[in-house]
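Here is the structure we will look at, set down as structure tokens.
The values are calculated or read from the model by the stated rules, or taken from the named source; none is laboratory data. Small disclaimer: the values here were computed from a predicted structure and weren't measured. In this analysis, Cβ positions are derived from the backbone assuming ideal geometry, glycine residues included, and neighbour counts consider all displayed protein chains. What goes into the accessible areas is simple: the full protein's heavy atoms, side chains included, and nothing from ligands, DNA or RNA. Shrake-Rupley method; radii C 1.70, N 1.55, O 1.52, S 1.80 Å.
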Amino acid sequence: MDETKRILQLREELHRHNFRYYVENAPVISDQEFDFLMHELQDLEAKHPEMFDPNSPTQRVGSDLGGEFETVVHERPMLSLGNTYNREEVADFWQRVSEGLKGAPFQICCELKFDGLSISLHYEDGRLVRAVTRGDGVQGDDVTANVRTIRSIPLMLPAEGDWPGRFEIRGEVLMPWSSFDRLNAEREQAGEPLFANPRNAASGTLKSKSSSTVARRGLDAYLYYLLGEGIPGDGHFQNLEAAARWGFQISKNMRLVDSLEGVYEYIDYWDEHRKDLPVATDGVVLKVNSLAQQKSLGMTAKSPRWAIAYKFQAEQAETTLRQVVFQVGRTGAVTPVANMDPVQLAGTQVRRATLHNADVLASLDLHIGDRVLVEKGGEIIPKIVGKAEGNNSKFKVQNSKIEFVECCPVCGSKLVRYEGEAAHYCPNDTGCPPLILGRIEHFISRKAMNINSLGPETVDEYYRQGLIHDAADLYELGEKQPPSDSPKGESNKASLWGGLEGAKILAGIEQSKQVPFERVLFAIGIRFVGEIAAKTLARYYGSMDKVAEASMESLMQVNGIGEVIAGSVVQYFANPANQAFIERLRGYGLQMEIGEEQKQAQSDKLEGQSVVISGVFQHHSRDEYKALIEQHGGKNVGSISNKTSFVLAGENMGPAKLEKAQKLGIRIMSEDEFLEIIK
Ligand code: IVH
């Protein structure tokens, strides 16, 4: 057979097997046979580069060539759903629908509410052409390359299907519990921060710049909404049945009901049985089934009137409180943590729970021996939400009321509480180990000095071995003996930092000397000086010395700098230890003033102006426009009000924003006009 024909045949065959394996869980060939066909296809494709197709089954492994995601305006806005939390609110929904349809009979399609992130998939002539995240509902990110790696999403539909030439299908991208547990176990091993829940993990993964990472992480997807002209019929449920025939993964747990009781039964059943599902769900979605009825009910500004979500209550369990310990985090925040008798909760055994802060602890009025209620919400760490019913003094250990500590349990410093903050902090940021480590981690982090050759685990190790005591010590590492049992496997002392890992670490540190001054100012970790404030100060004063000399009055004149930040800056530079630290950094060659180019690109042409950015742009990205506005003294704000100076509008500006701007008589400025002004 002609090789190009064989390529097409293999692709179709492999898509079919893929569907049988990943969607239907019923493979008809062995893994080995599958691999065999895949290899044949790979070889043929290598021989025929002109036949390249991004939708070929060979492309499911992804690549590392990812750039920025393109912003795409949704063909139809992606609305969200109103939430309900109890039966009465569900009954109100039923009533509203019934009245809206003037008493006509209707059916409700009950579905699970999957807890992932929504995705919009576009198909043309049976091929996946685009996958877009929800974004703000009006526009999202084009994540097609990443979505292609999700095996349960069909890249090509079977030729014999009755699918429309062009349609959109929406659904949820999820990380199944099994993939989530595996990923977090790997991250724990590598000393990387854990994902709090499968939703965050799915979202972080889908927005990854490397589609081969996405391919490895085992995402899955369920589709639940078919849109476009020429979709099969009037029934939402029936349309999804058709989509299932075309190869989409549609939940098998959807039900059509025609009474409120039917809805309640569905809710009750799944509130109990959702624990047995392979993916996270956080509720039930109820949709009027007939598309004609949906249309006649219409929407409000934010959500459709024909659908609603019912949210499950978080799972709770009862156990006995044994001890409360106080943990000092890397910001110095002190968190009370409860140790309890182990109890089974939402699929895992739980023996620790957070008590958040002093106020929460006081309001719970806990004693050692109390029977307590533990809940697992959206976060990975469970929390104590109250005492169990019937808890009484017979369990309590006498005089055991738990009080918040006054001193740091690590270094003994008296704790402080900053105005407006719930947490208590250890203030000893140059002497208390967790805080020192926190400061170094902040220093090397991506938005600061971006020394990504070092991870928190390595920093911990160097600190433990006495190689570093603060961030400035990093720049002297090259002269020191590398740790003998370094976690990076640098075991040969004789090679010093010459080994591959060691050299990489040192190169990363060396490179950071080029990081612009504004990020150095952020990296040194002045309390309350975040990324934006650091940028503002760097641009206003131009150098570390000028910032260090600035008085309270001068600082407070800077746009966006208030009393709290100003006070913190003055306090920081008044401390001789900090002055010495800065001098050391200067000595190692870090950037202590803004670059020439930046000095020239600055002006005060937009001084005092508040600018809203809206729409899609031709010449620069949104972030670049934001930076340009700031460079010229203006401020970028999120929403339009009568304080807005003008709207910088690209194409497809959101209709709500446009209307509001027009109503308030606010100037709408095009990209070109804007660039002319700041030229
Ligand atoms: S329908 C206009 N069905 O919940 C109807 N949404 O706040 C749009 N979700 O953004 C959504 N499972 O990400 C629908 N079976 C389901 C769903 C579902 C989860 C998510 C979706 C949406 C959010 C609604």
Filtering the stretch 145-165 down to residues that are within 16 Å of the ligand (Cβ to nearest atom) and under 17 Å from the mean Cα position of the chain (by Cα) yields Val147
Is it true that Leu454 is open to solvent by less than 40 Å² (accessible area, probe 1.4 Å), touching a Gly at 6+ places or on another chain (Cβ under 8 Å) and more than 30 Å from Asp359 (Cα to Cα)? yes
Hey, any hits in the stretch 290-297 for a residue that's in a strand (DSSP E or B) and either more than 8 Å from the ligand (Cβ to nearest atom) or under 23 Å from the mean Cα position of the chain (by Cα) (or both)? yes
Being more than 25 Å from Val138 (Cα to Cα), among the hydroxyl-bearing types (Ser, Thr, Tyr) and either within 16 Å of the ligand (Cβ to nearest atom) or assigned to a strand (DSSP E or B) (or both) is the filter here, so list the residues in the stretch 70-113 that pass it. Tyr85
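Residues in the stretch 271-286 that are part of a helix (DSSP H, G or I) and either in contact with a strand residue (DSSP E or B) (Cβ under 6 Å, 6 or more places away or on another chain) or closer than 18 Å to Asp181 by Cα (or both): how many? Please lay out each step first, then the result.
So in the stretch 271-286, the residues part of a helix (DSSP H, G or I) come out as 271-276.
Next cut, either in contact with a strand residue (DSSP E or B) (Cβ under 6 Å, 6 or more places away or on another chain) or closer than 18 Å to Asp181 by Cα (or both) only: 274-276.
Qualifying residue count, the stretch 271-286: 3.
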Taking the residues in the stretch 166-213 that are closer than 28 Å to Arg127 by Cβ and of a type in the set (A, V, I, L, M) as candidates, determine which candidate is farthest from the ligand (Cβ to nearest atom). Met175
Going through the stretch 501-524 one residue at a time, which ones are crowded, with 21+ Cβ neighbours inside 10 Å and part of a loop (DSSP other than H, G, I, E, B)? Ile524
Mind checking whether some residue in the stretch 369-390 is crowded, with 18+ Cβ neighbours inside 10 Å, more than 26 Å from the chain's Cα centre (by Cα) and more than 17 Å from Thr320 (Cα to Cα)? no
Residues being away from the ligand (no atom under 12 Å from the Cβ) and open to solvent by 40 Å² or more (accessible area, probe 1.4 Å) - total across the stretch 298-313: 2
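Rundown of residues vs (1) at pLDDT below 95; (2) out of contact with any Ser or Thr (no Cβ under 9 Å at 6 or more places or on another chain), yes/no style:
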site: Ser120; (1), (2): no, no
site: Leu128; (1), (2): no, no
site: Ala131; (1), (2): no, no
site: Asp136; (1), (2): yes, yes
site: Gln139; (1), (2): yes, no
site: Ala145; (1), (2): yes, no
site: Ile153; (1), (2): no, yes
site: Pro158; (1), (2): yes, yes
site: Gly161; (1), (2): yes, yes
Any chance Thr300 is among the hydroxyl-bearing types (Ser, Thr, Tyr) and within 20 Å of Arg76 (Cα to Cα): yes
Quick check, is Pro456 touching an Asp or Glu at 6+ places or on another chain (Cβ under 9 Å), within 30 Å of Val564 (Cα to Cα) and touching a residue at least 60 places away in the same chain (Cβ under 8 Å)? yes
Show the residue pairs meeting these rules: Cβ distance below 6 Å; 6+ apart or different chains; first residue within the stretch 79-104 and in contact (Cβ under 8 Å) with a residue 24 or more places away in the chain and under 30 Å from Val132 (Cα atoms); second residue within 15 Å of the ligand (Cβ to nearest atom) and of a type in the set (Phe, Trp, Tyr). Thr84/Tyr310
Which condition does Gln349 not pass, out of (1) surrounded by fewer than 19 Cβ atoms within 10 Å (Cβ to Cβ); (2) outside any strand (DSSP E or B), if it passes all the others? (2)
Look through the stretch 553-604, keep the residues that are among the polar types (S, T, N, Q) and in a helix (DSSP H, G or I), and return whichever of them is surrounded by the fewest Cβ atoms within 10 Å (Cβ to Cβ). Gln600
Quick check on my filter: what residues within the stretch 233-261 are farther than 23 Å from Ser98 by Cβ, away from the ligand (no atom under 12 Å from the Cβ), in a loop (DSSP other than H, G, I, E, B) and touching a strand residue (DSSP E or B) at 6+ places or on another chain (Cβ under 8 Å)? Phe248, Gln249
Boolean, Ile267 is open to solvent by less than 30 Å² (accessible area, probe 1.4 Å) and not in a strand (DSSP E or B): yes
From the set of residues in the stretch 613-636 that are of a type in the set (Val, Ile, Thr) and free of Cβ contacts under 8 Å to residues at least 40 places away in the same chain, which is farthest from Ala601 (Cα to Cα)? Ile613
Filtered residues of the stretch 274-297 (kept if buried (at least 17 other Cβ atoms within 10 Å of the Cβ) and more than 30 Å from Ala104 (Cα to Cα)): Arg274, Val279, Ala280, Thr281, Asp282
Long-range neighbours under 9 Å by Cβ, at least six apart or interchain, first residue surrounded by 16 or more Cβ atoms within 10 Å (Cβ to Cβ) within the stretch 203-223, second assigned to a strand (DSSP E or B) and of a type in the set (Asp, Glu): Leu206/Asp141; Ala221/Glu172; Tyr222/Glu172; Leu223/Glu172
